[in-house]
Structures are given as C-alpha cells and as structure tokens.
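Below is one structure; the comments refer to it alone.
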Amino acid sequence: MRSTKRCFTASGNGAAGKTMPSGSTHDSITILLAIPAFAAAYAATKSVSASTVVAAAFIFGGMMFGPDLDTVSRQYSRWGIFRGIWFPYRSFFKHRSRFSHGLLFGALFRTIYFMGILTLVLYLAAFAYAWLAGGRTASVFDVAHVWQPFGEFTRRGLGDNFLLLTFTGLWLGAASHTLTDMAGSFVKTGRVTDFL
C-alpha cells in the first residue's frame, strides 16, 4: 500500500514520478495562472462574467478535473465520496497517456466521460423511480430530453457561450498541468515526454 504522501503527488510512484512536479506545485501554479486566464478572457470578451466563468473553470480544471484523475492523486481524492465515478476512467487510461495528459485530447475525453457518467446516473435514477412508482420506464430519448432544459437554462441565464467558455477554462486548467509536467520533465531529465 502506498503512503498518503505518495498518493497525493501529481506524479504517482517510481523513478518517473521523481521528474514531475508535486501536487502542491500544480495547485500553486493553477491558482497563480487563473489571474492571467481571467485577464486573457477579459481581453477577448470585454465581459467580466465571461472572464469569471473562464477563470473559475480554469481553477476547477486544474484542481479537480485535471489529467491526474487517471491515478490516485489530489485531484482524484478531492472528489470525496464521488471519486468512484473516476474508477473506470482510471482503469481504462494508462497514467500519463496522451488520452489523459494530452494537450489535444485529455480535457475533451474527461468532459465526454463525465457527461456520459452524469447521463448514466440520470437514466438509472429515472429507471429506479419509474420502477418504484410503478410507472413507465424512461427511454434513452427521455434522458436526452433532460439535457435540453439544462442547455436552454445555461443559454438564457448565462449566455450563449457559457458551455464554450467553461470548456475553454477546463482545457486551459488541464493544459497548465500538462505543460508544468513537461517543463519539470525537461528540467530534470533534459527530455520532454510526448504529451500531445
């Protein structure tokens, strides 16, 4: 069994783990870079609310939704009682693979995975409710209709670009983690691991 300190490093265990920045380093960098993320979003949108969405998603992306969800890490542990939803993800993706840590695919695959898990949970809840209440069981199309009001609510209340701004912040927060890993690997070994 690994010690708590080792579980909470961003880099896992073994010799390769010694070349990567710690979880504390990643957290500090995430918080510091949220300020320029807000500034860049404001320069692009001239909107404080849009910039706040990007910065908040950036922090969430770096602290809770980052590449290290593919192993036991601070990000994984922060999900508390809900961390079990990431077990299939951890089992499917090898740690530091291009599909979990990759700049191009990492945040996209995590978002698709997370939305799939939420949809499955909604479907199972609707199915259980129908079974207990003796009503008609929900079809997959019924569950798809559940997402439609969510989309309408976000567009009406938070703007047409809310989901795009959120994904941009998530991607940037995760990218800061990957770029920090690449820099740490280069400084300590002279090599950059393929994260694309």
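Kirkwood hydrodynamic radius, segment 48-124, all distinct C-alpha pairs: what's the number in Å?
On the way: mean 1/r = 0.0766 Å⁻¹.
Final number for the Kirkwood radius of segment 48-124 is 13.1 Å.
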Original post:
For Ala174, what charge total do you get from the other residues with a beta carbon under 10 Å from its beta carbon, if Lys and Arg give +1 and Asp and Glu give -1?
Top reply: 0
**OP:** Determine the calculated [θ] at 222 nm for the chain from helices alone, applying -39500 (n - 2.57) to every DSSP H run no shorter than 4 residues and normalising by the residue count; nearest 500 deg cm²/dmol.
**Re:** -22000 deg cm²/dmol
**OP:** Of all alpha-carbon pairs in segment 80-176, indicate the percentage at a distance above 15 angstrom.
**Re:** 72 percent
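Across the chain, where is the longest run that never hits trypsin sites (Lys or Arg not before Pro) in a DSSP loop with at most 11 other C-beta atoms within 10 Å?
Here the longest segment lacking exposed loop sites spans 47-135.
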**OP:** Calculate the length of the line joining the C-alpha centroid of segment 144-167 to that of segment 43-90, in whole Å.
**Re:** 18 Å
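Only the coordinates and a few stated rules stand behind these numbers; no lab work does. This is a predicted model, so every value here is computed, not measured. A quick note on method: Cβ atoms are made from the backbone with ideal geometry, for glycine too, and the neighbour counts reach across all protein chains shown.
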